[in-house]
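**Q** One structure follows; several queries about it will come next.
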Amino acid sequence: MNFFSQATDYALSTKGVDKSNFLSLLDEPYPQSFEIFKAQGIEFHEHKGRYYYATAFCDLDDATFCIVDIETNGSQPNKHQIIEIGAVKVKNRTIIEHYESLVQCHTISPHISAITGITVEDTRDAPTLEQVMQEFRTFLSSAVFLAHDVKFDYGFISNMMQRVGLEPLMNRNLCTIDLAERTISAYRYGLDYLNRQLDLYGDATHHRALSDAMTATKLFKKTLQFIPQTIESTEDLIRFSKEASRLKRPQFDPDIVHEHES
């Protein structure tokens with residue numbers, strides 16, 4: 001999920017990389033590389049002769065987050081494709097816009113249709129994968145990419161972009177599961193379960209892209225209520241989601257306890 005090595009990636013988010021060392025990593029001459037990176041969703045900031053991810057200097061209230069969910073006709077991006085995508089943009093803890101689209105698809109199994117409610121007929125007049133990926137790339141821009149199990153959604157979308165001739169994603173990203181595990185004590189961390197336990201989004205339709213993106217957005221905003229005050233920048237939040245200790249889970253499922261009590 002990163003262009004740079006793990007060590008360089010960490011340095012860019014914390015102490016920075018010396019300018020000469022950073023420029024030596026680039027495949028294209030400066031400033032062409034920076035324009036390519038920007039088109040892939042990542043920007044850099046130079047400070048006192050060192051380069052950082054721009055998000056290291058971006059206050060949380062100034063950052064734009066894009067919470068994404070996809071439905072697919074299978075789990076393997078080399079064989080399958082996106083059939084629906086939904087995304088919600090948040091800035092200063094406020095929803096500012098959203099994007100959703102079905103994607104034209106010629107093969108959707110009965111199993112997938114049963115889960116999502118989406119059939120081949122539903123997608124017959126939908127935009128092509130190429131059109132949707134181009135639209136979503138523009139919508140996403142350089143926002144921080146969030147998803148509930150971000151590795152799947154980020155990787156699948158990046159693969160689809162390459163399939164239609166676009167560059168892979170490079171946006172900074174974080175996972176709402178990781179954030180939830182460090183801010184909210186729950187027996188399970190599936191999106192539908194958290195929605196019911198925390199009463200996040202009453203109009204949710206699980207396994208529809210925009211609805212799940214909206215539920216994850218509500219969860220993201222909820223987690224921000226419990227982060228330490230020391231977290232100021234976007235990179236602080238990304239590191240917290242990966243490095244902070246997970247909260248201890250309840251020993252029993254509240255749903256089952258309530259059933260027994262009733």
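**Q** For the chain, what class follows from the C-alpha gyration tensor (a ≥ b ≥ c being the square roots of its eigenvalues): rounded when a/c is under 1.5, otherwise prolate if a/b is larger than b/c, else oblate?
**A** Note, shape of the chain comes out oblate.
**Q** Same structure again: Report, ordered by chain and residue number, the lysines lying within cross-link reach of Lys151, taken as a straight Cα distance under 26 Å and ignoring same-chain residues fewer than 8 apart.
**A** Excluding near neighbours in sequence, the set is Lys15, Lys38, Lys79, Lys89, Lys91, Lys218, Lys221, Lys222, Lys242, Lys248.
**Q** Kindly state, to the nearest 0.05, the FRET efficiency for Thr138 paired with Ser75, given R0 = 30 Å and r defined as their beta-carbon distance.
**A** Efficiency computed from Cβ-Cβ geometry: 0.65.
**Q** Using unit Cβ charges (K, R positive; D, E negative) and no other charged atoms, how large, in debye to the nearest 20, is the dipole of the chain about its Cα centre?
**A** 660 debye
**Q** For the stretch 159-220, with only Lys/Arg (+1) and Asp/Glu (-1) charged at the beta-carbon, what is the dipole magnitude about the Cα centre, in debye rounded to 20?
**A** For this selection, approximately 60 debye.
**Q** Also, I was wondering about something else. Find, among the trypsin sites (Lys or Arg not before Pro) in the stretch 1-43, those assigned to loop by DSSP (not H, G, I, E, B) with at most 16 other beta-carbon atoms within 10 angstrom.
**A** For trypsin sites (Lys or Arg not before Pro) across the stretch 1-43 that sit outside H, G, I, E and B with at most 16 neighbouring Cβ atoms in 10 Å, the list reads Lys15.
**Q** Next up: Just how far, in whole angstrom, is the stretch 194-262 from the stretch 1-72 if you go by their alpha carbon centroids?
**A** When both Cα centres are located, 28 Å separates them.
**Q** Kindly work out what percent of the DSSP beta bridges joining two residues of the chain are antiparallel, to the nearest 5.
**A** If we restrict to bridges inside the chain, about 80 percent are antiparallel.
**Q** How do Tyr53, Tyr10 rank when sorted from fewest to most other Cβ atoms within 10 Å of their own Cβ?
**A** Fewest-to-most ranking of Tyr53, Tyr10: Tyr10, Tyr53.
**Q** Still on this model: What length, rounded to one decimal in nm, is gained on full extension from Asp199 through to Gln131, with 0.36 nm per residue of separation minus their alpha-carbon distance?
**A** 21.0 nm
Every number in this text was worked out from the coordinates using simple rules, so none of it is lab data. Just so it is clear, the structure is predicted and the values come from calculations on it, not from any experiment. Cβ sites come from the backbone with ideal geometry, for glycine too, and all protein chains shown count toward neighbours.
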